[in-house]
């Protein structure tokens, strides 16, 4: 439910992102067969890619483990997401794998990187958007 919440939140900012000349792209760790359904429900009109081997997660040193899912902060994040109407569905991919947000380009220049400490730890979209070079 927490990745759904983050995708929906950032999708609300899609126009602001494209206005700065950038693209909004989501990368999940489930099989590619599930990407279209996720996009249609939680990130309509956006690109959703699949990285089931989690190569991008490893390269970016994203956090993973049971403690990133089962802890008091995650319970609070879950309550927040539930209050917004997001419910936990079937997990596709590795549930203990946390993600983040990055702003790259042009080229291979990394302008912003946010690694989620636990499930539901999302950055402020305005902060990420401010890092997009103009």
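We did not get these values from a lab; they are worked out from the coordinates using the rules stated. The model shown is predicted, which means the values in this text are computed figures rather than measured ones. Neighbour counts run over all protein chains shown; Cβ positions are idealised from the backbone, glycine included.
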Picking from 93, 89, 78, 100, the residue that is surrounded by 13 or more Cβ atoms within 10 Å (Cβ to Cβ), touching a residue at least 12 places away in the same chain (Cβ under 8 Å) and either within 20 Å of residue 20 (Cα to Cα) or out of contact with any strand residue (DSSP E or B) (no Cβ under 9 Å at 6 or more places or on another chain) (or both) would be 78
Regarding residue 120, is this residue buried (at least 19 other Cβ atoms within 10 Å of the Cβ), touching a strand residue (DSSP E or B) at 6+ places or on another chain (Cβ under 6 Å) and either touching a residue at least 24 places away in the same chain (Cβ under 8 Å) or closer than 14 Å to residue 2 by Cβ (or both)? no
What is the residue count in the range 1-51 for residues that are exposed (fewer than 14 other Cβ atoms within 10 Å of the Cβ), under 15 Å from the mean Cα position of the chain (by Cα) and part of a loop (DSSP other than H, G, I, E, B)? 3
